[in-house]
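Report on the structure given below.
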Amino acid sequence: MSESLFARAEAVIPGGVNSPVRAFRGVGGTPRFMAKGEGPRVTDEDGRTYIDYVMSWGPLILGHSHPDVVAAAIDATRTGSSYGAPTRGEVELAEEIVARIPGVDQVRCVSSGTEATMSAIRVGRGFTGRDKIIKFAGHYHGHGDALLVEAGSGVATLGLPNSPGVTAGATGDTIVVPWNDRDAVTAAFEAHGDDIALIICEPVAANMGVVPAADGYHRFLRDITRDHGALLLVDEVMTGFRLARGGATELLGLEPDLIAFGKVVGGGFPLAAFGGRREIMSQLAPVGPVYQAGTLSGNPVAVAAGLTQLRLLDADAYARLDALADRLIDGLAEAFSDAGVPACIQRVGNLFGLFFTDTAVTDYEGARAADHDRYGRFFHGMLAEGHYLPPSGYEAMFVSTAHTEDDIDATVAAAARVAATLAE
Ligand code: PMP
């Protein structure tokens, strides 16, 4: 059924998918068309069930179809799916985010992570009156024009350096530097210091596999931006409300001026947000001159689902996610070591990724040098065993509170069998 749906899809949707990584180009084969998700499992159109480690690429931190999240969305839909006028839920969601995230005074809702980073950059440029931004190679911040340079995720999977259709003008103010490289950032500030509005980074790079910041690197980014009157924009679309109650900002003790949120904040619905210090956020229309808007921004259904999910994410939930990740990471590491397959699992909290390489990966170059063919073989071996991993070696893996220890153990046992076939 996936085969025939994919054939139909390819006729009417470019590549058969609405987002490139779904097409399995990084690993080969036909994407599975999903029909159902329940807890930690997904079932495809052919009736095959998999333990899921994609979890919609992060949002479903409580598992698929969590009953409370579903009920909240249904209730909200019944009373009105969209008004284009403010609602109580938006206030409560903003209050919840502000209460959780250190340093965030105000937030505004948008509908995707792409919009969140794009809008945060706009307000950062408006606030500083400067044009240039620094981004890191292999970091992905959505598909906004200015950010589609050496981006991670699907761009990395497909091996595209930059995208046609993005003008030189749109990326002309984007300076790309290697992640974890201090000299390159220092050199950029030496060359362009007074023109740099902000640095944007993923707090834990997780769109080129998972590549944590080196010790002291975040402190360095904070200090150098402050010294030059530039802002620090931390893209917590992946890490926000996942790594901890207050995201990477809390877990790693960051002091960003602006933060982008997405994924978990929307509970599996199209909702994202950006926020920061009041003096910066008050540059936004209608208070200030920086324009930003959206017909479906703060959509009541998405807000109800997201708020319900956030309220269920207490200290116990994070402890559980971390413990599940520990169990899976330890089990996978043992499986690869027993099979004599060089593998490097990198993590921060419950966010982790797998590289087939024998050296730690610290930047995009290292991520590209890993054995992605072997990842493809591992992926397909696991898929055949009923375990749905990200269909690309440049992506993170996601656990949810709905996964059980038995699920993890089943995945580890399958990984041991598949690892034994990977040695050659
Ligand atoms: N930033 C980061 C860190 C992301 O991981 C992503 C998506 N994977 C985005 C931004 C873009 O979010 P969206 O796909 O919702 O536009």
May I ask you to list the residues in the range 317-337 that are closer than 15 Å to GLY63 by Cα and in contact with a Phe, Trp or Tyr (Cβ under 7 Å, 6 or more places away or on another chain)?
ALA325
Some residue of the range 297-308 being modelled with pLDDT of 95 or more and surrounded by fewer than 18 Cβ atoms within 10 Å (Cβ to Cβ):
no
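Could you say which residue among GLU385, GLU395 is crowded, with 24+ Cβ neighbours inside 10 Å, on the phi < 0 side of the Ramachandran plot and among the acidic types (Asp, Glu)?
Among GLU385, GLU395, only GLU395 is crowded, with 24+ Cβ neighbours inside 10 Å, on the phi < 0 side of the Ramachandran plot and among the acidic types (Asp, Glu).
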Which of the residues belonging to the range 69-106 are touching a Lys or Arg at 6+ places or on another chain (Cβ under 8 Å), open to solvent by 30 Å² or more (accessible area, probe 1.4 Å) and either among the β-branched types (Val, Ile, Thr) or modelled with pLDDT of 95 or more (or both)?
GLU96, ASP105, GLN106
GLY26 meets each of (1) within 29 Å of ILE199 (Cα to Cα); (2) surrounded by 15 or more Cβ atoms within 10 Å (Cβ to Cβ); (3) within 16 Å of the ligand (Cβ to nearest atom); (4) not aliphatic (A, V, I, L, M) with one exception, condition (1)
The range 201-248, subset within 13 Å of the ligand (Cβ to nearest atom) and among the polar types (S, T, N, Q), residue farthest from ASP183 (Cα to Cα):
THR239
Could you check the range 274-290 and list, in sequence order, the residues that are open to solvent by 60 Å² or more (accessible area, probe 1.4 Å) and touching a Gly at 6+ places or on another chain (Cβ under 9 Å)?
ARG277, PRO289
Scan the range 364-382 and give yes if some residue there is acidic (Asp, Glu), modelled with pLDDT of 95 or more and farther than 30 Å from GLY37 by Cα, otherwise no.
yes
THR225 vs. criteria open to solvent by 40 Å² or more (accessible area, probe 1.4 Å), closer than 23 Å to ARG130 by Cβ and β-branched (Val, Ile, Thr):
no
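Pull up the range 1-22, narrow it to residues that are within 16 Å of the ligand (Cβ to nearest atom) and in contact (Cβ under 8 Å) with a residue 12 or more places away in the chain, then point me to the one that is surrounded by the most Cβ atoms within 10 Å (Cβ to Cβ).
Looking at residues that are within 16 Å of the ligand (Cβ to nearest atom) and in contact (Cβ under 8 Å) with a residue 12 or more places away in the chain, I get VAL21.
Could we say that LEU312 is more than 16 Å from the ligand (Cβ to nearest atom) and either farther than 30 Å from THR77 by Cα or buried (at least 20 other Cβ atoms within 10 Å of the Cβ) (or both) here? Spell out how you get there, then give the answer.
Working: more than 16 Å from the ligand (Cβ to nearest atom): yes; either farther than 30 Å from THR77 by Cα or buried (at least 20 other Cβ atoms within 10 Å of the Cβ) (or both): no.
Here the answer is no, as LEU312 does not meet what is asked.
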Helices (runs of 4 or more DSSP H) wholly inside the range 31-149 that include at least 1 residues being closer than 22 Å to ASN207 by Cβ, under 17 Å from the mean Cα position of the chain (by Cα) and within 16 Å of the ligand (Cβ to nearest atom)
113-128
Restricting to the range 271-316, what's the tally of residues that are out of contact with any Phe, Trp or Tyr (no Cβ under 7 Å at 6 or more places or on another chain) and part of a loop (DSSP other than H, G, I, E, B)?
17
Can you tell me how many residues within the range 352-386 are among the small types (Gly, Ala, Ser), within 26 Å of ILE51 (Cβ to Cβ) and touching a residue at least 40 places away in the same chain (Cβ under 8 Å)?
6
Does ALA367 meet the test of being out of contact with any Ser or Thr (no Cβ under 7 Å at 6 or more places or on another chain), small (Gly, Ala, Ser) and open to solvent by 20 Å² or more (accessible area, probe 1.4 Å)?
no
Is it true that ARG347 is touching a residue at least 60 places away in the same chain (Cβ under 8 Å), under 18 Å from the mean Cα position of the chain (by Cα) and open to solvent by 20 Å² or more (accessible area, probe 1.4 Å)?
yes
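It is to be established whether one or more residues within the range 220-227 are touching a residue at least 60 places away in the same chain (Cβ under 8 Å) and within 25 Å of GLN346 (Cβ to Cβ).
no
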Please specify each residue of the range 72-95 satisfying the condition of being of a type in the set (A, V, I, L, M) and touching a residue at least 12 places away in the same chain (Cβ under 8 Å).
ALA72, ALA73, ALA76, LEU93, ALA94
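The values are calculated or read from the model by the stated rules, or taken from the named source; none is laboratory data. As the structure is a computational prediction, the values presented were derived from the model and not from experiment. Reconstructed Cβ throughout: ideal geometry from the backbone, glycine too, with neighbour counts over all protein chains shown. Note: accessible area is taken over every heavy atom of the protein model, side chains too, but ligands, DNA and RNA are not part of it. Shrake-Rupley method; radii C 1.70, N 1.55, O 1.52, S 1.80 Å.
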